[in-house]
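Asker: Encoded as structure tokens, here's the structure I'll be asking about.
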Amino acid sequence: MATPFPRPATGTALCLVLSLPALAGATFAQDAPIPETPAGTVVLDTVVLTAEQQAKQALGASTVTAEDLDKQPVRNDISEIVRKMPGVNLTGSTATGQRGNQRQIDIRGMGPENTLILIDGKPVMSRNAVKMSRGGERDSRGDSGWVPPSMIERVEVLRGPAAARYGSGASGGVVNIITKRPDTFGGQVSMHMNRPENSKEGATNRAGFMLGGPAAENLTFRVMGNYSDTEGDAADLNPPLWDPEDQVWTPPLAGNEGVISKDLGVLLSWAVAPGHVLDFEASVSRQGNQYAGDTRSGAIDDASVDLVGSETSRMYRRTYALTHRGEYGFGESNSYIQWENTHNTRLCSGTAGRVEDNYIPCIDSDGDGENDAFRYDTIVLDTVSAKSEWILPLQLAGKDSRVTFGAEYRGEFMDDPFSITNSLPPGWGGGTDPDPENRDPKTHQNTIGLYAEANIEWNDSLTLTPGLRYDHNDNFGSNWSPSLNATYRFDDAWTMKVGIARAFKVPNLFQLNPNYVYNTRGNGCPWVGGVQLSGPCYVLGNPDLEPERSVNKEIGVAYAGQNGIEASLTYFHNDYDNRIGSGFVQYNDDIENGRLFRWENQGKAVISGLEGNFSTELGERFGFNANFTKMIKSEKDDGQPLSLVPEYTLNAALDWYATPDLTVTLSATRYGKIKAATASSITNAEFDETNTRDPYTLVNLGTSWQMNDRVQMSAGVTNLFDKTVLRTDSSSGANTFNEPGRAFYLSLTSTF
């Protein structure tokens, strides 16, 4: 049965078409022409993929469909199911273990900061409004939760060299969230409930609606809304910890914080002429947390325990976008401009020493000279993104080709009066004013990119995809990103892909800002030559930073047999250089009281591994699919891990098609052990003891039932055998996060 899909609004889907033709026995349908619109009828531009044509797992690319989200509904956001794709895990930005439960999507071990999130092809940058701590972590849930799950048509995950064409932040890969677009008048109402068996874990309630279709001649619309409430974990979910040095029990580490999400969005699509469509989009979202007591070290201390269960931070995200899609006699185009406005509002937090980014009283309410009250501080980030992409059928060297030309702009503008409030010793000799009152709270950067990519059908077996991207940033200057991907079809069953590309990521505004000042307060000074320097030590932003760079390589083979078996295996290797971190080089050598350090470009890292998938039909009633990721190497040049990722991950699912309308899915994920860093990435200090997270397996059982033409229900149990995974490590160890225990869920969706 054919399934209508909205026309891809981004280069992600386009790249899958250009770079991965006919992989694993699947062929992506050519983009359908934008239809002429008879009077009284409005048809949204669509592409039709049959079930046989839809390649959910290909070399370097994966797709999560709305059907997958029905079979395995998520509690909060799509990171919970994207983590089950080959090459994907959830981690923090570094191996510090800080903010351990704030894990985000990590593709091929490159870290969340190197995973570019898109919504309908447009970049999502809201997490950049959250201050980056000295350890490289943000107190952020990331940017994968801004679209309600019931609004998602599919999620495209692109890994490896093909992602380099998307510019800054795509060194690991790209996650593109495609939203639903109704082409006939109607709507849907959905609800989801998740109830953990352990009363100390947070429950979830979610409800949403969508209404859309033709509104007038040549005009269609979509209105959506969502409300989701996930409670935070109890403060005593994790066990108290024994301090062998002081012979006392210390407070437990925090569990997962809760989140209340409110979303509202409007889309108007106007067929201005045959072959030309304008989309007008506006959306507003609010995410407020339910604090679980987390601090930078993870411990629920005296200052934070009284805040547990309250809202301590909230993120407002507003977007306005205009998109044009056109078809011409010589090719087609896709262009957009988007303004994304983020307000990051949270209780005042520490800017120095061990309380950095922890909530602390900052107002002396009774005039006794001691701060005893909180206030809310707001960081505002405006991001302007614009892109124009043109796809032209051409002859190159006498070969049939499709050539893509594109231009892209990204401007980031931040107003942060709170991260610059630390003083400096007078007369220290740098360019930053010692008095924070004299510093400019505003900072910005602009990046302009030009790129070209050709999809050359060299012969019936070989397709070459060379590409070149040029970016100019007003801070560091120019960057070139060449790439070359080749796909060779041996026969109808076997395909091979080889790729190499240079990718990059611009420094963020916190790292670049010379007015940002961090003070160790005597603690946390770097270790140099085996000796810890005396403090206090200061770390400043550095406007002279170069971009992080990586050279990504992969080689893979795919098999698609006539008997329904599909499989692939890919080896990837990334050489990561110019990583940005809190520095170890003192810039005022003759000063011992007030040593000055900066964010700096540091050494290299190597990431390599294997990823693969296997799927087959087992008779007429069963289907089996599995994928795996094996990390061969993921470490910096000092031997320390780049991030806390499992040595291997294995995902498997067995579908039983009990009836045409009822599917039962038994799935399991096996995570290998996670090794911890043996030294601090912040100070270089060696840890006395570290812990490894042991392997563990999570099993889920779910059903998806199409009750009638209008009502669909999903129900099941997650973590069926109630595997307990607790957080017992903070900055020295790998047991830095919780996995929710057994829980029961129910989802209902009604369409009309």
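Asker: Would you say residue 174 is assigned to a strand (DSSP E or B), closer than 26 Å to residue 555 by Cβ and in contact with a Cys (Cβ under 9 Å, 6 or more places away or on another chain)?
Answerer: yes
Asker: Another one. I need a count of the residues in the range 327-345 that are crowded, with 16+ Cβ neighbours inside 10 Å and in contact (Cβ under 8 Å) with a residue 60 or more places away in the chain.
Answerer: Going through the range 327-345 one residue at a time, the tally reaches 10.
Asker: Go through (1) farther than 30 Å from residue 357 by Cα; (2) crowded, with 20+ Cβ neighbours inside 10 Å; (3) in contact with a Gly (Cβ under 6 Å, 6 or more places away or on another chain) for residue 505 and report which single condition fails.
Answerer: Going through (1) farther than 30 Å from residue 357 by Cα; (2) crowded, with 20+ Cβ neighbours inside 10 Å; (3) in contact with a Gly (Cβ under 6 Å, 6 or more places away or on another chain) one by one, residue 505 breaks only (1).
Asker: Given the range 485-604, what strands (runs of 3 or more DSSP E) lie entirely inside it while holding 3 or more residues that are under 26 Å from residue 634 (Cβ atoms)?
Answerer: 494-505, 548-560, 566-577, 580-582, 595-601
Asker: Let me ask something additional. Among the residues of the range 196-251, write down those that are within 20 Å of residue 267 (Cβ to Cβ) and either aromatic (Phe, Trp, Tyr) or in contact with a helix residue (DSSP H, G or I) (Cβ under 8 Å, 6 or more places away or on another chain) (or both).
Answerer: 208, 209, 210, 221, 224, 226, 227
Asker: Under the condition of being assigned to a strand (DSSP E or B) and among the basic types (Lys, Arg), which residue from the range 281-320 is surrounded by the most Cβ atoms within 10 Å (Cβ to Cβ)?
Answerer: The extreme case among them is 317.
Asker: When the residues of the range 542-582 are filtered to those that are surrounded by 22 or more Cβ atoms within 10 Å (Cβ to Cβ), hydroxyl-bearing (Ser, Thr, Tyr) and at pLDDT 95 or above, which remaining residue is farthest from residue 94 (Cα to Cα)?
Answerer: It comes out as 568.
Asker: Okay, next question. Identify, please: which residue in the range 422-458 is of a type in the set (D, E, K, R) and in a strand (DSSP E or B) and is, among those, nearest to residue 353 (Cα to Cα)? Break it down into steps so the answer makes sense when it comes.
Answerer: So in the range 422-458, the residues of a type in the set (D, E, K, R) come out as 433, 435, 437, 439-440, 442, 453, 457.
Filter again for in a strand (DSSP E or B), leaving 442, 453, 457.
Working: 442: 24, 453: 48, 457: 58 Å.
Filtering first and then ranking leaves 442.
Asker: Please specify each residue of the range 389-420 satisfying the condition of being loosely packed, with under 15 Cβ neighbours inside 10 Å, in contact with a Phe, Trp or Tyr (Cβ under 9 Å, 6 or more places away or on another chain) and under 30 Å from residue 130 (Cα atoms).
Answerer: The one that is loosely packed, with under 15 Cβ neighbours inside 10 Å, in contact with a Phe, Trp or Tyr (Cβ under 9 Å, 6 or more places away or on another chain) and under 30 Å from residue 130 (Cα atoms): 407.
Asker: Restricting to the range 204-231, name every residue that is surrounded by 16 or more Cβ atoms within 10 Å (Cβ to Cβ), among the aliphatic types (A, V, I, L, M) and farther than 19 Å from residue 119 by Cβ.
Answerer: Those that are surrounded by 16 or more Cβ atoms within 10 Å (Cβ to Cβ), among the aliphatic types (A, V, I, L, M) and farther than 19 Å from residue 119 by Cβ: 207, 211.
Asker: Further, regarding this structure: State whether the residues of the range 634-645 include one that is farther than 27 Å from residue 580 by Cβ and either at pLDDT 95 or above or polar (S, T, N, Q) (or both).
Answerer: Scanning the range 634-645 turns up no residue that is farther than 27 Å from residue 580 by Cβ and either at pLDDT 95 or above or polar (S, T, N, Q) (or both).
Asker: Taking the residues in the range 721-738 that are among the hydroxyl-bearing types (Ser, Thr, Tyr) and in contact with a Leu (Cβ under 9 Å, 6 or more places away or on another chain) as candidates, determine which candidate is surrounded by the fewest Cβ atoms within 10 Å (Cβ to Cβ). Give the steps one after another, and end with the answer.
Answerer: Quick first cut of the range 721-738, residues among the hydroxyl-bearing types (Ser, Thr, Tyr) only: 724, 728, 730-732, 736.
Still in the list and also in contact with a Leu (Cβ under 9 Å, 6 or more places away or on another chain): 728, 730, 736.
Details: 728: 18, 730: 21, 736: 28.
Per the stated criteria, the residue is 728.
Asker: Right, another one. For residue 206, state whether it is more than 30 Å from residue 719 (Cβ to Cβ) and basic (Lys, Arg).
Answerer: No; evaluated as a whole, the condition is false for this residue.
Rundown of residues vs (1) within 25 Å of the chain's Cα centre (by Cα); (2) in contact (Cβ under 8 Å) with a residue 12 or more places away in the chain; (3) buried (at least 19 other Cβ atoms within 10 Å of the Cβ), yes/no style:
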| residue | (1), (2), (3) |
| --- | --- |
| 696 | yes, yes, no |
| 700 | yes, yes, yes |
| 704 | no, yes, yes |
| 717 | no, yes, no |
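Asker: Kindly provide the set of residues from the range 368-421 that are outside any loop (DSSP other than H, G, I, E, B), of a type in the set (Gly, Ala, Ser) and out of contact with any Lys or Arg (no Cβ under 6 Å at 6 or more places or on another chain), ordered by number.
Answerer: The answer is 373, 386, 388, 401, 406, 407, 411.
The values are calculated or read from the model by the stated rules, or taken from the named source; none is laboratory data. Since this is a predicted model, take the numbers as computed values, not measurements. Cβ coordinates were reconstructed from backbone atoms using ideal geometry, including for glycine residues, and neighbour counts include every protein chain displayed.
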